[in-house]
Amino acid sequence: MAQSPPAPRSIALVALVVVLAAVSSAFLFADFEAATFQASTDTTTTAGGTNLDSLPPVTNGYLVVDAPDAIRDDLTSELVAAFEREGITLEPTAARGSYDRPVVVVVVDEWSPRWNPVAPSGAVMWRAAFDAGGHGEHIEAGLSDGSFVFNSTTGPDIAGSLDATVEVSASGAVSRPAYRNQLLDAVANTTAEQVAGQFEQGR
């Protein structure tokens, strides 16, 4: 007995499921957006220095990133690029201690993207510590919960800390990777601008 062809309604339902699956996959994995973004950033920067008239320009150094595994590599790349735009070349390293040249350490305390396809609204809280002389004690002081104290007597130096929060929301169609990139960019650009600004003021 011959089988009857699929009903048009069944064909339409299958086609709809395929389309919805493709759209869902695009929002989850493709990097695209047709949205308006709003960012609100709150920063507090503290710094101290000595013999600043003799401090050479900071043009290179080390970068340490302490962040969730899901974003560490990408955030490191964004930070390197952001500092490069500020005229500072940073070499990523895993160790946190004392260094033979400037160092910037970034610690992400809260990563809350809260993504959805049409109105994502998330936040990142992070800290950074920096030292033009690479002194580990200033890095640890800058990342501690207490007030930053500068106590170097070893020559020209500037060091400090940054506490920051950024909230990014969007209106429109935005994929998860695109929204994630917006958050990473905000963290990297804010950090580079604030730290490079302190290094420049120290000259």
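What to note about this one:
- Working note: Karplus 6.51/-1.76/1.60 with θ = phi - 60° gives the stretch 120-136 the couplings x, 7, x, 8, 9, 10, 8, 10, 9, 10, 9, 8, 5, x, x, 7, x Hz, where Gly and Pro are set to x.
- Chain lengthening between Ala81 and Thr44 when straightened (0.36 nm per residue, less Cα-Cα): 11.1 nm
- Per residue, the accessible area of the stretch 89-150 comes to 45 Å², computed with a 1.4 Å probe over protein heavy atoms only.
- Rounded to the nearest whole Hz, the Karplus-based 3J(HN,Hα) values (6.51 cos²θ - 1.76 cosθ + 1.60, θ = phi - 60°) of the stretch 140-147 follow the sequence 5, 5, x, 9, 6, 6, x, 5, with x at glycine and proline.
- Charges were assigned to the Cβ only: +1 to each Lys and Arg, -1 to each Asp and Glu. The resulting dipole of the stretch 49-201 about its Cα centre is roughly 420 debye.
- 5 angstrom amide H check on Tyr62, placed H, neighbours 5+ away: Glu91, Val103, Val104
- Taking label points 7 Å from Cα along the Cα-to-Cβ direction, Asn116 and Ala70 give a separation of 1.8 nm.
- The stretch 47-203, relative contact order [Cα under 8 Å, separation at least 6], %: 31
The values are calculated or read from the model by the stated rules, or taken from the named source; none is laboratory data. Only a predicted model underlies this, so the values are computations on that prediction, with no experimental measurement involved. Please note: Cβ atoms are built from the backbone with ideal geometry, for glycine as well, and neighbour counts cover all protein chains shown. Calculation scope for accessible area: heavy atoms of the full protein, side chains included, ligands and nucleic acids excluded. Shrake-Rupley method; radii C 1.70, N 1.55, O 1.52, S 1.80 Å.
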